[in-house]
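First up is the structure itself, then whatever we jot down about it.
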Amino acid sequence: MNDHIEGRPFVRDCLLAAGVAALTFTMLAALFWVVTPPDAFALAPAREWLLVCLAVGQALLLCLRRVRPLVCLAAVVGVQVVMIASSPPDATIRGFAPFVVAYTIGGLLPTRRSFALVGTAVAVEAAASVGTAVAASSGLLPAVGPAGSSALSYLGGAFVGSYVATHRRYVRLLRQQAAEAVRTQQAKVRAAIGAERTQMARELHDVAAHHLSGMVVQAAAVQQLIDRDPAAAKEGVAWIRAQGKATLDNLRLVVGVLRAGPPDRTDGAGPYLDGEGTVPVPGLAVLDELVRTARDLGTPVDVTVDGTPRPVSPIADVALYRTVQEALSNARQHAPGAPVQVTLRYLPREVSLAVVNAPPARRPEPAARSSSGVGLVGMRERAQLIGARFADGPTADGGWSVTVTLTDDGGERS
């Protein structure tokens with residue numbers, strides 16, 4: 001796998017080297033035999049062919065530019081030194097390979113190291129130019145051209161390579177940031193979906209725990225009355241039917257609220273309506289109906305309201321109503337027949353709700369004793385949602401207590 005990955009850049013570099021070699025041959029052939037007059041260079045044909053072959057060979061070395069960049073640079077510089085020594089004193093013969101290898105070094109290596117290497121290459125070629133000029137006894141002036149050309153090729157190529165590499169890293173960073181932003185957005189969407197599912201599960205549990213548990217209790221009573229008191233059994237069946245219809249209405253209400261979003265309040269004391277203002281969302285305004293249903297199922301419930309009732313925020317109103325609903329359902333399941341005290345206090349700076357049931361009057365059914373605890377979790381989550389304090393636990397006499405305390409500030413935040 002690694003050989004395959006490393007082979008692909010090498011193949012592309014071989015094609016690049018072949019292209020640069022062909023371009024170099026064309027340029028030097030035109031320079032020596034087409035564009036330049038025959039007497040412009042005092043070079044023998046063999047020397048001209050030597051320079052052309054050296055430049056073409058130098059270009060072919062570019063196949064190593066990424067697999068062995070330092071070896072490629074050293075080889076290109078070595079060939080260029082030979083070309084400087086073989087060129088006439090007043091001419092500068094140079095192909096494209098030095099610029100390409102310097103571009104590669106600038107793109108692959110850190111900036112300081114790349115410029116140090118190409119600076120060394122410039123120094124080596126400048127020394128070769130000076131040595132060739134001195135050996136030819138032509139002074140130092142002929143060495144200026146090859147040295148300047150070397151500096152322009154290597155330093156310019158390294159600068160361009162470093163700039164392109166920096167730009168690529170910047171684009172890659174932008175893409176990574178964009179991908180991270182997409183992942184963050186997806187995580188937020190997943191979290192929102194999870195919260196929505198939790199809300200739906202909580203609402204459905206509240207509806208099912210309240211209505212269906214009552215229907216189960218009533219169905220058990222009807223079963224015992226079928227033979228002894230058919231009339232009472234018929235009344236019980238009618239009640240179960242009504243409760244089934246109410247359950248369906250509440251389930252439709254839950255789905256409608258979750259689809260349409262937060263409901264709007266019709267007034268300061270009445271129930272909340274859905275988006276079309278037709279289906280009431282339960283709140284403290286219909287607490288009496290909830291208590292009456294619990295009493296019909298055989299749970300003695302006493303309600304006490306202290307202070308002057310005042311409206312709370314819509315979400316807090318629903319949360320308090322659901323807390324009473326779930327507490328009554330739990331009392332009916334875990335303490336059947338035990339009296340329940342519901343106390344709603346409107347204090348100057350807070351609204352307190354307490355639901356306390358006495359110990360069970362009879363042993364609960366096994367199915368009722370095995371609870372998943374979802375109801376208490378849902379009540380606690382609702383309290384956290386409205387910024388209220390929640391407490392639950394056994395009482396001194398063996399009953400159970402649930403308390404939710406909502407401050408005015410917490411109600412405003414919700």
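Checked against the criterion of being within 22 Å of LEU23 (Cβ to Cβ), at pLDDT below 90 and assigned to a helix (DSSP H, G or I), the stretch 129-136 contains not a single residue that satisfies it. Only one of the listed residues (ALA158, ALA116) is within 48 Å of the chain's Cα centre (by Cα), surrounded by 22 or more Cβ atoms within 10 Å (Cβ to Cβ) and in a helix (DSSP H, G or I). That residue is ALA158.
Here's the yes/no breakdown for (1) of a type in the set (A, V, I, L, M, F, W, C); (2) part of a helix (DSSP H, G or I); (3) within 43 Å of the chain's Cα centre (by Cα):
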| position | (1), (2), (3) |
| --- | --- |
| VAL286 | yes, yes, yes |
| ARG292 | no, yes, no |
| PRO309 | no, no, no |
| ASP317 | no, yes, yes |
| ARG322 | no, yes, yes |
| ARG332 | no, yes, no |
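The test for being surrounded by fewer than 17 Cβ atoms within 10 Å (Cβ to Cβ), within 25 Å of ALA21 (Cα to Cα) and at pLDDT 90 or above does not hold for LEU173.
Once the stretch 352-396 is narrowed to residues that are of a type in the set (D, E, K, R) and at pLDDT 90 or above, the residue that is surrounded by the most Cβ atoms within 10 Å (Cβ to Cβ) is ASP392.
Filtered by the rule that a residue be basic (Lys, Arg) and without any contact (Cβ under 8 Å) to a residue 12 or more places away in the chain, the stretch 58-73 gives a lone residue, ARG68.
Among the criteria (1) buried (at least 17 other Cβ atoms within 10 Å of the Cβ); (2) modelled with pLDDT under 85, the one ALA269 does not fulfil is (1).
In the set LEU108, LEU28, LEU60, only one residue is open to solvent by less than 40 Å² (accessible area, probe 1.4 Å) and either modelled with pLDDT of 90 or more or within 23 Å of ASP13 (Cβ to Cβ) (or both); that residue is LEU28. If I ask for residues that are in contact with an Asp or Glu (Cβ under 9 Å, 6 or more places away or on another chain) and of a type in the set (S, T, N, Q), which ones from the stretch 382-406 would you list? Within the stretch 382-406, SER401, THR403, THR405 meet the criteria.
The values are calculated or read from the model by the stated rules, or taken from the named source; none is laboratory data. Computed from a prediction, not measured in an experiment: that's the story for all the values here. Don't worry about glycine lacking a Cβ; one is built from the backbone with ideal geometry, like all the others, and counts go over all protein chains shown. When the accessible area is computed, the model is the full protein with side chains, heavy atoms only, and any ligands, DNA or RNA have been set aside. Shrake-Rupley method; radii C 1.70, N 1.55, O 1.52, S 1.80 Å.
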